[in-house]
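This report concerns only the one structure given below.
The values are calculated or read from the model by the stated rules, or taken from the named source; none is laboratory data. Quick caveat: nothing in here was measured; it's all calculated off a predicted structure. Ideal geometry is used to build each Cβ from the backbone, glycine not excepted, and the neighbour counts take in all protein chains shown.
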Amino acid sequence: MNEDDVCSDTDEICVSSIFLEGEDINMSISHAADSIGLKEIPRYEVKIIEEDDWMKGAQESFHPVEVTEGLWVVPKWITPPDIQAMNIILNPGLAFGTGDHPTTKLCLLLLHDCIKGGEHILDYGTGTGILAIAALKFGAAFAVGVDIDSQAIASASENATLNNIGPDKLQLHLIASQTSSSCRDDWPSRVVEGENAFEIDRVTHKDKYDVVIANILLNPLLNLADQIIFSAKPGAIIGLSGILSEQVQNILQKYSLFLEGIDVSKMDDWACVSGRKRKNIDIC
Amino acid sequence: MAAKEILTRRPVAATIKLTVPAAAARPAPPVGPALGQYRLNLMAFCKDFNARTQKYKPDTPMAVTITAFKDNTFEFTVKSPSITWYLKKAAGIESGSGRPGHVTASTLSLKHVYEIAKVKQNDHYLQNMSLEAITKSIIGTANSMGIQIVRDLD
């Protein structure tokens, strides 16, 4: 697949295109020139992009973030601006959750408000592990982070170590995706090996968690509703995010059967829906 | 933020065009190299794009145009595939007829057209059109491709 970008200088336009290894660049360029009737092929140059080049670029966009007073999320290569504050040190790699995104902030604020100490937390879609790690720093006793992406689990493991959190406090599990579309075949991706459905139940456990937090996307939240509710104790706090404000209604439709005391918090276009699991439901 | 017109005086570093499957943006090629080289926040883009494309069928190739500003911020707009893409997909054909009007490439029912119209209605450049107007437009496109539209398929 070709992708283009256009960078404009004063009188010249330059178009860069990204090709996969092995594609016939010459042919693509002459087809393109032909299709718009250019008389001659514009001059071009071919460069190889190393994975490091663009990964480094992406990492540079990560800065220390003060989520709320006294709570910072800091990249591991930067000294915390406030040594006295509660600092969550992260190396995000290619996983989601640096404290910058409104959904991460909404979830962190929810956890900050509701954790009193000693809780068991389940972080569904853990990414960098930021929510599970924050929950432990706020006083939770034990956290489990699950994700369908092996890069997330790798990042979260490293981040646990960076924050001096051992396996007695945080456990991470790679689980199989519900749909088969979690693997894209456009690039050599690491295969998502997952535990099967029965093992997910063993990991997430019925009625075990005091707080279940899931910052994912609308469709997974709808598909995983049973699992998410199942794993929470009656009366437990459930927080759902990664949804746009316009998607809140869909979440409420599915979850209001199971949750009471529902609250919706918003930031920019994003929302977080939270509530407590109703005491008398039975889902098997 | 993504759907607003870009009437801004922020200096633009580049315009990036990509095709990304709906709800499946990941920090890997093609997104990774294209955005990483302008130091844009990859994960923020993926999260935003994936959230905004939840309503499309997984794997639908979405056309994304990203404006990267010199301060490393960005905005983007998303368009669903062209009507011709949807018609070919619905009809299960690779290309339209070589002689539209004379040779029929395939046949679809009004129900197909209606389903396509409902998806296209989400595109912001069509939001001022009624469902009926979009449907008529799709039938026109189908005819120009040699795809016949009938009331019902048996």
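Condition check ((1) touching an Asp or Glu at 6+ places or on another chain (Cβ under 7 Å); (2) in the same structural domain as B:Ile139 (by the TED database)) across all residues:
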| site | (1), (2) |
| --- | --- |
| B:Thr15 | yes, no |
| B:Arg26 | no, no |
| B:Ala51 | no, no |
| B:Lys70 | no, no |
| B:Gly92 | no, yes |
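Among the residues of segment A:35-56, those that are basic (Lys, Arg) and away from chain B (no Cβ under 14 Å) comprise A:Lys39, A:Arg43. Identification of strands (runs of 3 or more DSSP E) wholly contained in segment B:12-121 with 2 or more residues that are within 13 Å of chain A (Cβ to nearest Cβ) yields B:12-21, B:61-69, B:74-79.
Filtering segment A:89-129 down to residues that are of a type in the set (A, V, I, L, M), outside any loop (DSSP other than H, G, I, E, B) and over 18 Å from A:Trp77 (Cβ atoms), which residue is nearest to the other protein chains (Cβ to nearest Cβ)?
Keep residues of segment A:89-129 that are of a type in the set (A, V, I, L, M), which gives A:89-90, A:94-95, A:106, A:108-111, A:115, A:121-122.
In the following step, the residues that additionally are outside any loop (DSSP other than H, G, I, E, B) were identified as A:89-90, A:106, A:108-111, A:121-122.
When the remaining residues are screened for being over 18 Å from A:Trp77 (Cβ atoms), the result is A:106, A:108-111, A:121-122.
Values: A:Leu106: 13, A:Leu108: 15, A:Leu109: 17, A:Leu110: 18, A:Leu111: 19, A:Ile121: 21, A:Leu122: 21 Å.
Per the stated criteria, the residue is A:Leu106.
Does segment B:96-103 contain any residue that is exposed (fewer than 14 other Cβ atoms within 10 Å of the Cβ) and among the hydroxyl-bearing types (Ser, Thr, Tyr)? Among the residues of segment B:96-103, not one is exposed (fewer than 14 other Cβ atoms within 10 Å of the Cβ) and among the hydroxyl-bearing types (Ser, Thr, Tyr), which makes the answer no.
Please work out if A:Asn87 is over 22 Å from B:Asn72 (Cα atoms) and within 23 Å of the chain's Cα centre (by Cα).
Working: over 22 Å from B:Asn72 (Cα atoms): yes; within 23 Å of the chain's Cα centre (by Cα): yes.
Answer is yes for this residue.
For segment A:75-83, indicate whether the set of residues that are within 14 Å of chain B (Cβ to nearest Cβ) and of a type outside the set (A, V, I, L, M, F, W, C) is non-empty. Before the answer, list the steps.
Start the filter on segment A:75-83 by keeping residues that are within 14 Å of chain B (Cβ to nearest Cβ), which leaves A:75.
Restricting the remaining residues to those that are of a type outside the set (A, V, I, L, M, F, W, C) gives A:75.
Within segment A:75-83 (the criterion being within 14 Å of chain B (Cβ to nearest Cβ) and of a type outside the set (A, V, I, L, M, F, W, C)), the answer is yes, since at least one residue qualifies.
Per-residue answers, yes or no, for (1) in contact with a Cys (Cβ under 6 Å, 6 or more places away or on another chain); (2) modelled with pLDDT of 90 or more; (3) surrounded by fewer than 23 Cβ atoms within 10 Å (Cβ to Cβ):
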{"residue": "B:Ala23", "(1), (2), (3)": "no, yes, no"}
{"residue": "B:Pro33", "(1), (2), (3)": "no, no, yes"}
{"residue": "B:Ala68", "(1), (2), (3)": "no, yes, no"}
{"residue": "B:Val78", "(1), (2), (3)": "no, yes, yes"}
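Yes/no per residue for (1) in a loop (DSSP other than H, G, I, E, B); (2) within 36 Å of the chain's Cα centre (by Cα):
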site	(1), (2)
A:Ser16	no, yes
A:Met27	no, no
A:Asp34	no, no
A:Val46	yes, yes
A:Asp53	no, yes
A:Glu66	no, yes
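Scan segment A:57-74 residue by residue and report those that are within 12 Å of another protein chain (Cβ to nearest Cβ) and among the hydroxyl-bearing types (Ser, Thr, Tyr). Across segment A:57-74, the qualifying residue is only A:Ser61.
Considering each residue of segment B:15-40, count those that are over 26 Å from A:Ile13 (Cβ atoms) and without any contact (Cβ under 8 Å) to a residue 24 or more places away in the chain, and give that number.
So in segment B:15-40, the residues over 26 Å from A:Ile13 (Cβ atoms) come out as B:21-28.
Add one more test, that the residue is without any contact (Cβ under 8 Å) to a residue 24 or more places away in the chain, and what stays is B:26-28.
Adding up the residues that qualify gives 3.
Pairing residues of segment B:46-61 that are among the hydroxyl-bearing types (Ser, Thr, Tyr) with residues that are crowded, with 16+ Cβ neighbours inside 10 Å, at Cβ distances under 6 Å and at least 6 apart in sequence or on separate chains, gives B:Thr53/B:Ala22; B:Thr53/B:Ala23; B:Thr53/B:Met62; B:Tyr56/B:Ala22; B:Thr60/B:Ala22. Consider segment A:16-52 and keep the residues that are without any contact (Cβ under 8 Å) to a residue 12 or more places away in the chain and surrounded by 14 or more Cβ atoms within 10 Å (Cβ to Cβ). The one that is farthest from B:Gly36 (Cα to Cα) is A:Ala33.
Of the residues A:Val191, A:Val212, only one is of a type in the set (Val, Ile, Thr) and modelled with pLDDT of 95 or more; which?
Numbers: A:Val191 fails: modelled with pLDDT of 95 or more.
Result: A:Val212 is the single residue among A:Val191, A:Val212 that is of a type in the set (Val, Ile, Thr) and modelled with pLDDT of 95 or more.
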